[in-house]
Structures are given as C-alpha cells and as structure tokens.
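The values are calculated or read from the model by the stated rules, or taken from the named source; none is laboratory data. Everything numeric in this text was worked out from a predicted model, so none of it was measured. Ideal geometry is used to build each Cβ from the backbone, glycine not excepted, and the neighbour counts take in all protein chains shown. Keep in mind that these areas ignore ligands, DNA and RNA; they rest on the heavy atoms of the full protein, side chains included. Shrake-Rupley method; radii C 1.70, N 1.55, O 1.52, S 1.80 Å.
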Amino acid sequence: MLKHTLAGNIKRHRAFRSRILGNRRDVLVYLPRGYQRFSRRRYPVLYLQDGQNVFDAATSFAGVEWGVDETAERLIQKKLIEPPIIVAIANMGEERIHEYAPTRAVVDVETRRKTRSKGLARQYGHFLMDELKPYIDRKYRTKQDAEFTGLGGSSLGGLVTLAIGILYPHVFNRLIVMSPSIWWDDFAIYRLVETIEQKPPLKIWLDTGTVEPGWEQARELRDRLIKKGWRLFDDLQYLEAEGADHSEAAWAARVDPALRFLFPPASSN
C-alpha cells in the first residue's frame, strides 16, 4: 500500500451523488493556507478532473500524483498566486471515457471489437454546474462568479475541460488544458472551436510535451484559438515542454506555471 501524501487542509466528501449521471464519486477539497472557518474572505475555485491523481500518491495512477496541494502551499506562502480553493473530482474508472468525451466515437479504432464512447461531456458539464458547484458554493466561502471559477485536466480530462469552457463560459472562465486528447473523434475539438462566433472571456493555459505522439496538434489548436481572438501571453498561455511525455509526472511539473498564470496575486489580476 502506498502512503497517503496529502498536504495542507484537505476535506473529503465521500460518494458525492450525481442524479444527472446516476453515480457517486469522491470529491476532495483543498482549502488554502489562511482559510479560517469564521473569516469572511472568499476565494476563487479551481475544479480538476481525474481527482485521484491531483493530491495523493496512494490513489493516483501508477502511484504518481500531480502534487497540486504541495505546489499551491508553496506558491501561496511566497504570495505568488491568489490563494484558490481546489476541488479534485474523482473519475469513474470505466465511465471516464464516456464522461470526458465531447462526442460519441469509437474509443480505439485499432481493436477488432469496437467500443464506443457515449459522449457524455455535456451531461458531465451539467453535473459540475448544477450539482457539484452549487454544493461547493454553499459549503465553502467561494467567489462564485465565472471570472473566479477555473476548470482543469490532462489528456481526455484536458479535452473535456476545453469543451466545457467553450460550451459553458458563463460558469468557467479559467482553464488548465494539459496535453489534451486533440485526436478524439477525428479532431472534434477543432470543429467545436470553429463554432465560436464571439470569443468568450476564457483565460486558457494550454500545453503539450514534445515527446507525446501527435504533440504538434496542440500547436495547431493554439493557432486556431488565436484566430478566434485569443492573445498569446495575455489570455492564452502556450507551452511546449521539451522532452516531456504523456504522464502524471510531466503534468505535475507544469502545475506551478499553470497556477501562476491563472491565479496571479490579486493586485495583478
């Protein structure tokens, strides 16, 4: 058994129920250094997919966590970010491919038995907006407006993050999109970007590792976002991590700059 590696003040909400998706999952909530029960201060919120991998090596894929809690603790202590509440939303194992996919499509075209995803990203988005976020806003002192609400993930979790941001920008304005699965359904995310008529107020961190298969697709996605009105280094930060692969360890190394970009100290917002 791996040791638990939780850092800071983390609350566990076991078996959080979704009527929309018809299931239950664990949700962990990191409360930033300085969050006191009887204070009136309110905090921005970052929701992260694949919650098993976010804080704890004992539950993470291959025993490697993102270390978001340790990184946030350090950045807050040095006053390098505005302290956020961070919500880690567990994935549902075999259901992950359905909840994180923005379209119905064959999961693996190479296999003889074709498994299709149900493409439940919109329903998953409604679970976040209509069930989880209202609960977090009631339970904790959050800044509830979209401009203070972030969403993040990697791989398929990065893909669903960008899709939900584009579809529901009235709820989520700050996005961490790490190594997104751009290949999904013959580049469905490109088609979704093309549907944008007026650029929503999304601030996007987008990255990839240069040894990931098809990493150049992230550069193409960056260019398509720029054509829609995003400004590089302003409301779009793009990183090609030299020599980085498609792994939890690679994403963990990019949490620091992503948090700095999306949650700058309040004076520099």
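For the stretch 168-205, a residue qualifies if it is farther than 18 Å from residue 155 by Cβ and of a type in the set (D, E, K, R), and the qualifying residues are 174, 191, 194, 197, 199, 203.
Candidates are the residues of the stretch 41-72 that are open to solvent by 40 Å² or more (accessible area, probe 1.4 Å) and closer than 23 Å to residue 132 by Cβ; the one that is nearest to the chain's Cα centre (by Cα) is 52.
Within the stretch 137-177, the set of residues being open to solvent by less than 20 Å² (accessible area, probe 1.4 Å), within 17 Å of residue 127 (Cβ to Cβ) and either modelled with pLDDT under 95 or among the hydroxyl-bearing types (Ser, Thr, Tyr) (or both) comprises 149, 161.
If I filter the stretch 178-187 for residues that are in a strand (DSSP E or B) and surrounded by 21 or more Cβ atoms within 10 Å (Cβ to Cβ), do I get at least one hit? Within the stretch 178-187, one or more residues are in a strand (DSSP E or B) and surrounded by 21 or more Cβ atoms within 10 Å (Cβ to Cβ).
Taking only pairs six or more apart or across chains, which ones have beta-carbon atoms under 6 Å, a first residue in the stretch 23-52 that is farther than 16 Å from residue 137 by Cβ and without any contact (Cβ under 8 Å) to a residue 60 or more places away in the chain, and a second residue that is open to solvent by 10 Å² or more (accessible area, probe 1.4 Å) and of a type in the set (Lys, Arg)? Close Cβ pairs satisfying both conditions: 24/17.
Looking across the stretch 212-240, the residues that are open to solvent by 70 Å² or more (accessible area, probe 1.4 Å), within 17 Å of residue 193 (Cβ to Cβ) and among the acidic types (Asp, Glu) come down to 216, 220.
Take the residues in the stretch 241-260 that are buried (at least 19 other Cβ atoms within 10 Å of the Cβ) and outside any loop (DSSP other than H, G, I, E, B); name whichever of them is farthest from the chain's Cα centre (by Cα). In this case the residue turns out to be 241.
Working only within the stretch 17-40, note down all residues that are touching a Phe, Trp or Tyr at 6+ places or on another chain (Cβ under 8 Å), modelled with pLDDT of 95 or more and either open to solvent by less than 30 Å² (accessible area, probe 1.4 Å) or part of a loop (DSSP other than H, G, I, E, B) (or both).
Result: 18, 20, 21, 25, 27, 28, 29, 30, 31, 32.
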